[in-house]
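Asks: Here it is, the structure in full.
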Amino acid sequence: DLPEAKKSYKEAIKNDDAILARLQAAGIEVARQDWQEALDDSKKVIDSDSQAFPRAYLLNAQANLNLHHVDEAEKSARTGIQLDEEHRYPEFHYVLGLLLIDKGDKTGAIEQLEAYLALDPNSKAAAEAREQLKHLRAAN
């Protein structure tokens with residue numbers, strides 16, 4: 001029940017500005033495609049501790065991408081990749097690949113999509129990433 005979960009997280013945030021609750025709320029907002037709220041909440045998490053929560057950068061990059069803030073999305077994705085030393089969030093590479101497609105950087109996009117598939121070949125977006133790669137390679 002995403003609406004009820006979001007309501008609970010927002011209540012926790014209101015009571016003590018809990019960073020983990022804000023991070024969870026941003027995740028729900030991305031899932032619900034509430035891009036502006038996801039952007040606002042993920043930015044607050046990043047501002048509170050810029051090194052502790054790589055996932056906040058992923059959510060921020062996804063929100064920025066969907067709000068067409070390409071440069072901000074790229075910055076968040078690249079920072080997140082650097083922070084995610086354990087590669088817990090392969091989606092960074094997928095988001096960055098999509099951004100680079102938008103920017104016309106086919107070589108960079110191919111590199112990022114390949115990295116994504118190497119890290120998570122069975123993900124929900126794997127088929128779409130393979131399709132994107134096929135089109136990019138055909139265009140080169």
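The values are calculated or read from the model by the stated rules, or taken from the named source; none is laboratory data. Keep in mind that what you see is a predicted model, and the values were worked out from it rather than measured. Here Cβ is always computed from backbone atoms with ideal geometry, including for glycine, and neighbour counts include all displayed protein chains. Surface areas here come from the heavy atoms of the whole protein model, side chains and all, with no ligands, DNA or RNA. Shrake-Rupley method; radii C 1.70, N 1.55, O 1.52, S 1.80 Å.
Asks: For the subset of the range 111-124 comprising residues that are assigned to a loop (DSSP other than H, G, I, E, B) and under 21 Å from Y57 (Cβ atoms), which member is least open to solvent (accessible area, probe 1.4 Å)?
Replies: So, considering only residues that are assigned to a loop (DSSP other than H, G, I, E, B) and under 21 Å from Y57 (Cβ atoms), the one least open to solvent (accessible area, probe 1.4 Å) is S123.
Asks: Quick check: anything in the range 61-80 within 11 Å of the chain's Cα centre (by Cα), in a helix (DSSP H, G or I) and within 17 Å of L2 (Cα to Cα)?
Replies: No, there is no match, as no residue in the range 61-80 is within 11 Å of the chain's Cα centre (by Cα), in a helix (DSSP H, G or I) and within 17 Å of L2 (Cα to Cα).
Asks: With G104, G108 as the choices, which residue is of a type in the set (G, A, S), out of contact with any Lys or Arg (no Cβ under 7 Å at 6 or more places or on another chain) and open to solvent by 40 Å² or more (accessible area, probe 1.4 Å)?
Replies: On the way: G108 fails: open to solvent by 40 Å² or more (accessible area, probe 1.4 Å).
The match here is G104.
Conditions tested, residue by residue: (1) out of contact with any Ser or Thr (no Cβ under 7 Å at 6 or more places or on another chain); (2) open to solvent by less than 50 Å² (accessible area, probe 1.4 Å); (3) at positive phi.
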{"residue": "L39", "(1), (2), (3)": "yes, yes, no"}
{"residue": "I46", "(1), (2), (3)": "yes, yes, no"}
{"residue": "D49", "(1), (2), (3)": "yes, no, no"}
{"residue": "Q62", "(1), (2), (3)": "yes, yes, no"}
{"residue": "L65", "(1), (2), (3)": "yes, yes, no"}
{"residue": "A77", "(1), (2), (3)": "yes, yes, no"}
{"residue": "D84", "(1), (2), (3)": "yes, yes, no"}
{"residue": "H87", "(1), (2), (3)": "yes, no, yes"}
{"residue": "F92", "(1), (2), (3)": "yes, yes, no"}
